[in-house]
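A short worksheet on the structure shown next.
The values are calculated or read from the model by the stated rules, or taken from the named source; none is laboratory data. Predicted, not measured: the structure shown is a model, and the values here were computed from it. Glycine also receives a Cβ, built like all others from the backbone with ideal geometry; neighbour counts cover every protein chain displayed. The accessibility values were calculated without ligands, DNA or RNA, using every heavy atom of the protein model including side chains. Shrake-Rupley method; radii C 1.70, N 1.55, O 1.52, S 1.80 Å.
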Amino acid sequence: MIFLGDYFSIGLVIVLFVFFFDKNHYHTKPSQIFMACLGLTALTAVTDLISGLLMRAEYVPLWLNVGVNSLYFVINLMTTSAFALYLFTKILEHSYDDHCMTYAKRGLLILFTVYMVFVLANLWNGWLFYFDENGMYCRGPLNAIGYILTVCQMVLVLICYLRNRKLATKGMRRVLIQTFPIIVLCIAVQRVFPDVMLNGYIMAMVATILFLNFQGQRHGIHTLTKLNDRHRFFREVEVRMAQKDPFHTFLISIKNLSTINQKYGHMYGDEFLYQFAFSLERLFKNGVAFHMNGAVFALVVPYTTQSMGQNHRSKLLQFLEDGIECFNEQLSFDYIVTESVLEEADRSPGDFYEGLEYAADLAHQQNLRYFRYTPDTGKQMKREQYLKERIQCVDREHGFRVWYQPIYDLETGCFCSMEALVRLQEPDGSMVSPGEFISLAERTGAIASITWFVLEDVCDFLASHRELGEISVSVNLPMAQLMEGGFKARLDSIVDRYGVQHHRICLEFTEREILDTFEQTKQIMEELTNSGYRFYLDDFGTGYSNFNCMLQLPFQIIKLDASLIRITEPLLEGKGFVQSITELVHDMGMEVIAEGVETREALDRLNRQGVDRIQGYVCAKPMKPEDLVAFFQASPQF
Ligand code: C2E
Ligand code: MG
Ligand code: MG
């Protein structure tokens, strides 16, 4: 007998094992089966070598020879079964239908049981092999049964592939095309040259093909956690959609990974991510976990009934609440989970993922840990996407307009100032309220263009309507923009180009951002004030006020938010909040505008409480610039 194939296969298995040896590899199911394939291949070759050595040695008891050869026969079929199982797992990787796998396993078990019967029966009747009176190994009449059963296993694999070929990857097809001819060729060679032992060699070749096509591939696998990556997620979703299988997807973002990294170091952060991925993958029997990027993971689970969906949700939330064991201690973390169930393939995988990400954004904005994507979320997202596109180009051609709301001075009884309010015109002529797109513009950065557009429009308007006299205009802008380098230079260049006096331009912002950058804010505001511009503090009383800071900044006017005025409305008697604030603001040399005043009663009350100016529908609504001149000429009194 020539054992060259065995030596060769042991060498090849060692090489594959060395390449494969990376502890993070083990935890996926195919990897574990692949390890078993490698181990069993080596065992096949070693047992074959031992049986060969024993046969050459003198005085070896018959029972030992028979035992080792029987073992060789058993290990042989165990190895081919492991390979078949590996192929089944890879073919059905994207399938949630357990039936096929169950049938496949049953098929393998039946073949193995039949084989065991032959191996046991062989001890008495020598169907597979026997030792003659000289102790020589002889092939029995059914010696080739092992090959026949291996061919049966191959047929099972082929059936499984053909039934699920839509789910199987292209790699799987390639593997089958490469593997089957090699096996058939080797079996044929073995039959023609019975003295050459090729079993171990065939197995090692198959293991190599599998390694090259699947296990050695880094493509599609996240390098740190060894989970499937985002490309595989999209493929998974695509396949699920094509199959019309309802499925449940969770997107999990770990919010404080950077804090964990800073506190414990990056090594710890990596280990945390790895442990998290490891546990996430095991959470649901039928679930597939994905590492999308950074600290974002996804989980795709079959969805059959509502109660099952509910179970998935509670189980995942509980898992996240419990935290992860990392370096022998339990680490809790902050997270956002969004969930979506896809029952009908009405979206592309990209849209589907975008929906989950959008839901995560909403959860983040609302400080929630869990958010479920619903059709309404989808509508909201579409609207936002539409607006996002609209605010990319901020000019008149793209529908941007500036409207003005005159502000009434209670002392002089005339309109002495107005607020510039941006509007976005729809193709049908209707106007989108800034409430809908300003916060979006702040998030996308388009707000800067809006400010410059409004400022330019305001200066143009003032320059071309000298008849308005000294009326000033206030413009809204985010604090952050004020802090940008070159803000003053650009502001000056616009205002001066139109020959507008600086004191007619007032800048309005809310106090939300002041605290973090107080010193810098103060310095920039003083610089602009020295240059003639004035400042209004908008929406005072909306819950962010730090009175102390506010009073130290050079504001000319404090605008009391409409909500504040409405809340204090029942307190008609007594001094009340508005009056106390107004007195304090006056003491500091500033004035007060009451915003959102809608009724005559409120106006009179605010007048009594000492408020200086009124901005509200009771006096004037925001209006188009072309209506303004007529309005000022009519100059109604209150
Ligand atoms: P804001 O600066 O507090 O502007 C006042 C808002 O109250 C305006 O809403 C105005 O139309 C509304 N308003 C005035 N009087 C009344 C009233 O009596 N009753 C009611 N219910 N509402 C009244 P608008 O124009 O929808 O603007 C909303 C917010 O959008 C503004 O609040 C401001 O924060 C922002 N915004 C508007 N234009 C711009 C802009 O050009 N740039 C920036 N950054 N933000 C802007
Ligand atoms: Mg304002
Ligand atoms: Mg306001």
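In the set (1) touching a Ser or Thr at 6+ places or on another chain (Cβ under 8 Å); (2) at pLDDT below 95; (3) not aliphatic (A, V, I, L, M), E470 fails one condition alone, (1). Among the residues of the stretch 149-178, none is identified as buried (at least 19 other Cβ atoms within 10 Å of the Cβ), hydroxyl-bearing (S, T, Y) and either in a loop (DSSP other than H, G, I, E, B) or at pLDDT below 85 (or both). Please verify whether the stretch 539-546 includes one or more residues that are within 16 Å of ligand 3 (Cβ to nearest atom), in contact (Cβ under 8 Å) with a residue 60 or more places away in the chain and either in a helix (DSSP H, G or I) or buried (at least 17 other Cβ atoms within 10 Å of the Cβ) (or both). Scanning the stretch 539-546 turns up no residue that is within 16 Å of ligand 3 (Cβ to nearest atom), in contact (Cβ under 8 Å) with a residue 60 or more places away in the chain and either in a helix (DSSP H, G or I) or buried (at least 17 other Cβ atoms within 10 Å of the Cβ) (or both). In the stretch 378-397, which residues are in contact with a strand residue (DSSP E or B) (Cβ under 9 Å, 6 or more places away or on another chain) and within 16 Å of T451 (Cβ to Cβ)? Those that are in contact with a strand residue (DSSP E or B) (Cβ under 9 Å, 6 or more places away or on another chain) and within 16 Å of T451 (Cβ to Cβ): I391, C393, V394.
Of all residues in the stretch 185-243, how many are of a type outside the set (A, V, I, L, M) and within 30 Å of E354 (Cα to Cα)? If you could, list the steps in order and put the result at the bottom.
From the stretch 185-243, those of a type outside the set (A, V, I, L, M) are 186, 190-191, 193-195, 199-201, 208, 211, 213-220, 222-223, 225-226, 228-236, 238, 240, 243; that's our starting set.
In the following step, the residues that additionally are within 30 Å of E354 (Cα to Cα) were identified as 214, 217-220, 222-223, 225-226, 228-236, 238, 240, 243.
The number of residues fulfilling the criteria is 21.
Within the stretch 59-112, the residues that satisfy the criterion of being open to solvent by 50 Å² or more (accessible area, probe 1.4 Å), not in a helix (DSSP H, G or I) and not acidic (D, E) are Y59, P61. Among residues of the stretch 603-627 being under 49 Å from the mean Cα position of the chain (by Cα) and assigned to a helix (DSSP H, G or I), the one that is farthest from R566 (Cα to Cα) is E626. When each of L224, L212 is tested for being within 30 Å of T41 (Cα to Cα) and open to solvent by 70 Å² or more (accessible area, probe 1.4 Å), the lone residue that passes is L212. Exactly one residue out of R396, R401, R372, R383 is among the basic types (K, R), open to solvent by 50 Å² or more (accessible area, probe 1.4 Å) and closer than 30 Å to S279 by Cα: that is R372. Here C138 meets each of (1) under 22 Å from L71 (Cα atoms); (2) open to solvent by 20 Å² or more (accessible area, probe 1.4 Å); (3) in contact with a Ser or Thr (Cβ under 8 Å, 6 or more places away or on another chain) with one exception, condition (3).
Can you tell me which residues in the stretch 622-637 are surrounded by fewer than 13 Cβ atoms within 10 Å (Cβ to Cβ) and touching a strand residue (DSSP E or B) at 6+ places or on another chain (Cβ under 7 Å)? Matches in the stretch 622-637: K624, S635. Going through (1) open to solvent by 20 Å² or more (accessible area, probe 1.4 Å); (2) more than 21 Å from V155 (Cα to Cα); (3) not basic (K, R) one by one, D48 falls short only on (1). All of A446, A420, A441 fail the test of being under 15 Å from E384 (Cα atoms), open to solvent by less than 10 Å² (accessible area, probe 1.4 Å) and among the aliphatic types (A, V, I, L, M), apart from A441. The set of residues in the stretch 509-529 being of a type in the set (A, V, I, L, M, F, W, C) and in a helix (DSSP H, G or I) consists of L515, F518, I524, M525, L528.
Close contacts from the stretch 586-605, counting a first residue that is under 13 Å from I407 (Cβ atoms) and a second that is assigned to a loop (DSSP other than H, G, I, E, B) and more than 15 Å from ligand 2 (Cβ to nearest atom), with Cβ to Cβ under 6 Å and a gap of 6+ residues or different chains, come to E591/D612; V592/V611; V592/D612; A594/V611; V597/V618; L603/V618.
Taken together, E467, E513 contain a single residue that is within 16 Å of ligand 3 (Cβ to nearest atom) and open to solvent by 50 Å² or more (accessible area, probe 1.4 Å), which is E513. Of all residues in the stretch 470-508, those satisfying the criterion of being more than 16 Å from ligand 3 (Cβ to nearest atom), part of a loop (DSSP other than H, G, I, E, B) and either crowded, with 19+ Cβ neighbours inside 10 Å or not charged (D, E, K, R) (or both) are I471, M483, G485, G486, Y498, G499, V500, Q501.
For the stretch 345-358, filtering for residues that are among the charged types (D, E, K, R) and either touching a residue at least 60 places away in the same chain (Cβ under 8 Å) or open to solvent by less than 10 Å² (accessible area, probe 1.4 Å) (or both) leaves 1.
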